Amino acid sequence: MLIAEGIQHLTVETPLPRVIKVHQHFDAPQLEDVEGAIHRELTRLGVLSRLTPGMRVALTAGSRGISDIARVLRAVAAEVTRAGGRPFVIPAMGSHGGSTAKGQEELLASLGITEESAGCPIHSSMETVILGHLPNGLAVHMDRHAYEADAIIPINRVKPHTDFKGDIESGLAKICAIGLGKRDGAEAIHSFGTKGLRTLLAPVAQYMVQHSEKFLCGLAVLENAYDRTARVEAIPASEIGGQRERELLNEARSLMASLPFERIDLLIVDEIGKNISGTGMDTNIVGRMFIHGEPEFTHPDITCLVILDLTDASHGNGAGIGLADITTARLARKLDLTATYINGITSGIGGVQRIKLPTIMPTDQAAIGFGLRACGRPDTQNVRAVRIKNTLELSDLWISEALLPEAQAHSRLTVTGSLQAMSFGSKGEIWPQ
């Protein structure tokens, strides 16, 4: 991406606050025996006994950074194989991966999901079959490979969505309606804006279940505050988008991590990316929705937000960059605007503000300096600043001296370092990395 001529020489001179490292700890259940739990859950619902030799069973894999997703897929594939079935994985991710079959398979690979890791083939296609229409005329699309399979087991993490609040958010209904719907299905639902997500995910998913008669169950993954698997649960196919999925969402919400401060003048995020969140960074963490018609979060209250880099696993998709106020030339150079804009177009009203480019500064140092000047505090050395790696990793944080008294009194925080100057390398990169 071209950077305006002369920006490389732009600097922002301002006093810097001293910073200190702290550790945030959460009460977090963690599942160690993922494979055993999956066996018990599939057995409990009688899923394996319904398989017959040679049945082709489609397993879904989305585009999100679910910590144990490769392990979960391999375990489910192994159970299906032992029961005589022939499992395969479908990239179930709407328009992600540049809206191409190859791009979606590459995106899975970046998440550690390959035919070798899953223990079964991956069949990637953007082609869909229309199962029928909802009463409002909306076409219900299904991935052709899933449509031609003998059975389907949707697998996904259940968690709060980053675009809206509702009874059903991210989870099994979404991986069906948006993921198996591919680009055509995702765009159709997103064309209704966030109201469409709130009101159509469950009906579309339930229509799929009722009219394809191939869904064996749904396998929900719940993660703890450290983004590790807390537990897995298989639910009847009839409960996808139903009451049990609603209950799982409430449980997932109670397990989430959060920033430890209600009011932050400057939040520095080292990296955003599609492998971290569908919006690059989790809106529930940073307290910014940025969708017309959707209410904004009441907390945390963050005055200025700076992002420094884009993960390689995003393949240039900078979705969510518009949630930030300031970014760096390093990040801007990594942007693939085609992939970013396709994601935004597919998201409709949910993408338009979030793919806008923030102010671009030449280095980390210039971006942070601008952030300090822009957060409404003339005494920049006393700014309430927090630095995190990304919105998935909130255990270790850097905080400014102004927040130290609150950190020392906070039940979840332990001070692990000593006060030091905020420092940068010879090329203006923040240190430590």
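Just so you know, all these numbers are worked out from the coordinates, no wet-lab data involved. In this text the structure is predicted, and so the values were computed from the model without any measurement. FYI the Cβ positions are ideal-geometry reconstructions off the backbone, even for glycines, and counts take in every protein chain you see.
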Quiz item: Got a sec? How would Cys217, Cys304 order by Cβ neighbour count within 10 Å, fewest to most?
Solution: Cys304, Cys217
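Provide His410, His141, His25 in ascending order of the number of other Cβ atoms located within 10 Å of each residue's Cβ, fewest first.
In order of increasing Cβ crowding within 10 Å: His25, His410, His141.
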Practice problem: About the Cα centre of region 132-233, how large is the charge dipole given +1 on each Lys and Arg Cβ and -1 on each Asp and Glu Cβ? Please answer in debye to the nearest 20. | Solution: 220
Quiz item: Roughly speaking, what is the stretch gain from Glu115 to Thr298, that is 0.36 nm per residue apart minus the C-alpha to C-alpha distance, in nm to one decimal?
Solution: 61.5 nm
Quiz item: Cα to Cα, under 30 Å, and not fewer than 8 places away if on the same chain: which lysines meet these conditions relative to Lys159?
Solution: Lys21, Lys102, Lys174, Lys182, Lys195, Lys214, Lys274, Lys334, Lys356, Lys389
Practice problem: Provide Rg and Dmax in Å for region 1-88, with only Cα atoms included in the calculation. | Solution: 24.5, 70
Exercise. Over region 33-174, consider all pairs of different Cα atoms and compute the Kirkwood hydrodynamic radius from their mean reciprocal separation; express it in Å, one decimal.
Key: 15.9
Quiz item: If you count the DSSP beta bridges with both ends in the chain, what percent of them are antiparallel, to the nearest 5?
Solution: 50
Quiz prompt | Enclosed volume per residue, in Å³, of the convex hull spanned by Cα atoms of the chain | solution = 131
Quiz prompt | Crossing angle, helix 34-44 versus the chain [Cα axis fit, 0-90 degrees, rounded to tens] | solution = 40
Quiz item: Using a simple charge model, +1 on the beta-carbon of Lys and Arg, -1 on the beta-carbon of Asp and Glu, nothing else, what dipole does region 22-126 show about its Cα centre, in debye to the nearest 20?
Solution: 440
Quiz item: Hey, what did the chain get for relative contact order, percent, Cα under 8 Å, at least 6 apart?
Solution: 21
Quiz item: Most fluctuating residue of Val34, Val158, Val306 in a GNM of the chain with Cα springs under 10 Å: which is it?
Solution: Val34
Quiz item: Tell me, Tyr147, Tyr341 in order of fewest to most beta-carbon neighbours within 10 Å?
Solution: Tyr341, Tyr147
Quiz prompt | Nearest-ten-degree value, helix 243-255 long axis tilted from longest Cα axis of the chain | solution = 30
Practice problem: First select every other residue whose beta carbon is under 11 angstrom from the beta carbon of Lys159; then total the charges, Lys and Arg +1, Asp and Glu -1. | Solution: -1
Quiz item: Cysteines of the chain lacking any other cysteine beta carbon under 4.7 Å?
Solution: Cys120, Cys176, Cys217
Quiz prompt | Considering only region 34-255, percent of DSSP beta bridges that pair antiparallel, nearest 5 | solution = 45
Practice problem: Using the Cα centre as the reference, give the magnitude of the dipole from point charges on the C-beta atoms of the chain (Lys, Arg: +1; Asp, Glu: -1; all else neutral), rounded to the nearest 20 debye. | Solution: 300
